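Asker: After the structure tokens below, expect a handful of questions from me.
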Amino acid sequence: MANAHDPSERSDMVERPRAVIAGGAGFLGSHICDRLVHDGWSVVCLDNFCTGAAKNVSHLIDTGQFELLDCDVTRPLPVVGRVDAVLNFASPASPPDYLRLPFETLRVGSIGTLNLLELAKDKGARFVMASTSETYGDPQVHPQTEDYWGYVNPVGPRAVYDEAKRFSEAATMAYSRSANVNTGILRFFNTHGPRMRPDDGRAVPTFIQQCLVGAPITVAGDGSQTRSIQYVDDLVEGVMRFMRSEHTGPMNLGNPEEVTMLTLARTINEMCGSLSEITFIDRPIDDPSVRCPDIKLAADVLDWAPRVRLADGLERTIAWFRGA
């Protein structure tokens, strides 16, 4: 065992950057944790596991660079010592989750975000807000650019998520303007990959799971509504580049290649080798008709663009579900 006063060990601890990531045991957060540890960061992962799972990050514990804390970020944060970056990925993100947890979603978007911003302020850390394309609502501008204010129903069932994220963005900008915190806002478009839950409720995991068990594929409405779907590795690369920048955002991260839900269902069905029939169900209230990011800002500032083709990403995601 190394001596507690070993100078080389102490030097390593001082020089290694340290990040706090809220919601780090969730689908997206766990992949960010992987990348941070891989890149030599010391990581403190905060999660209350309402939608995340400890198994998503358990492989990182023995690295010596990772700490997992069972923590509700709407309460006082148990973080001491140096912090160089605070990343807020804490929130239910799929419609079934935030509709099941409306008050938790509102609290984490408001109180939780304010607590994490205070942590970044106290530590002099870069703060990255993981926001969402849902801030655009059912958009009347297409593709969606960052200067579009959105078309959101503030009293609809989806508002608990949409407006929580919009509050988070407003709070983040207030700390940037009035408290001199180094903040940045990212708006994520639909993302898929390993560690998504089969019961997540979003299109990709739902379609894959239905195909693998031979159940009917449930497509909402007539399936003509579009989404722009990126693979998780592309999103992680964008987050890391943005975190190292000084840009305040908001900035879109997504794949500008649109696909209809009916085409996506048929593609996944074929890739799974499934004989599942497609059935049509009612569209949820306020379900967006289109979704497509303008990513010129990310390309110009971060030299970023998605590199994984939809078919390749789906192949990897399906393979993970087969083995899960």
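Asker: Looking at segment 267-283, is at least one residue in contact (Cβ under 8 Å) with a residue 40 or more places away in the chain, in contact with a Phe, Trp or Tyr (Cβ under 7 Å, 6 or more places away or on another chain) and not hydroxyl-bearing (Ser, Thr, Tyr)?
Answerer: Yes, segment 267-283 contains at least one residue that is in contact (Cβ under 8 Å) with a residue 40 or more places away in the chain, in contact with a Phe, Trp or Tyr (Cβ under 7 Å, 6 or more places away or on another chain) and not hydroxyl-bearing (Ser, Thr, Tyr).
Asker: Among strands (runs of 3 or more DSSP E) lying entirely in segment 179-270, which contain 1 or more residues that are of a type in the set (Val, Ile, Thr)?
Answerer: Those strands (runs of 3 or more DSSP E) span 183-188, 217-220, 226-228, 258-260.
Asker: Given the criteria farther than 24 Å from Ile229 by Cα, among the polar types (S, T, N, Q), buried (at least 21 other Cβ atoms within 10 Å of the Cβ) and touching a residue at least 24 places away in the same chain (Cβ under 8 Å), does Ser91 qualify?
Answerer: Details: farther than 24 Å from Ile229 by Cα: no; among the polar types (S, T, N, Q): yes; buried (at least 21 other Cβ atoms within 10 Å of the Cβ): yes; touching a residue at least 24 places away in the same chain (Cβ under 8 Å): yes.
Against the criterion (farther than 24 Å from Ile229 by Cα, among the polar types (S, T, N, Q), buried (at least 21 other Cβ atoms within 10 Å of the Cβ) and touching a residue at least 24 places away in the same chain (Cβ under 8 Å)), Ser91 does not qualify.
Asker: Still on this structure: Looking at Val239, Val219, can you tell me which residue is of a type outside the set (S, T, N, Q), surrounded by 19 or more Cβ atoms within 10 Å (Cβ to Cβ) and farther than 19 Å from Ser91 by Cβ?
Answerer: Val219
Asker: Just checking, which of Glu258, Glu270, Glu246, Glu277 is exposed (fewer than 15 other Cβ atoms within 10 Å of the Cβ), of a type outside the set (Gly, Ala, Ser) and touching a Pro at 6+ places or on another chain (Cβ under 9 Å)?
Answerer: So the residue among Glu258, Glu270, Glu246, Glu277 that is exposed (fewer than 15 other Cβ atoms within 10 Å of the Cβ), of a type outside the set (Gly, Ala, Ser) and touching a Pro at 6+ places or on another chain (Cβ under 9 Å) is Glu277.
Asker: Take Glu134 and tell me if it is assigned to a helix (DSSP H, G or I) and farther than 16 Å from Met251 by Cβ.
Answerer: No: the conditions fail for Glu134.
Asker: Further, regarding this structure: Answer with yes or no whether Ala54 is touching a strand residue (DSSP E or B) at 6+ places or on another chain (Cβ under 8 Å) and buried (at least 24 other Cβ atoms within 10 Å of the Cβ).
Answerer: no
Asker: So, in segment 94-128, of the ones that are part of a helix (DSSP H, G or I) and among the β-branched types (Val, Ile, Thr), which residue ends up surrounded by the fewest Cβ atoms within 10 Å (Cβ to Cβ)?
Answerer: Ranking the qualifying residues of segment 94-128, first place goes to Ile111.
Asker: Answer with yes or no whether Asp70 is surrounded by fewer than 18 Cβ atoms within 10 Å (Cβ to Cβ) and of a type outside the set (A, V, I, L, M, F, W, C).
Answerer: Here the answer is yes, as Asp70 does meet what is asked.
Read the figures in this text as sums done on the coordinates, not as results from a lab. None of these values were measured; they are calculated from a predicted model. No Cβ is skipped: glycine too gets one built from the backbone with ideal geometry, and neighbour counts run over all protein chains shown.
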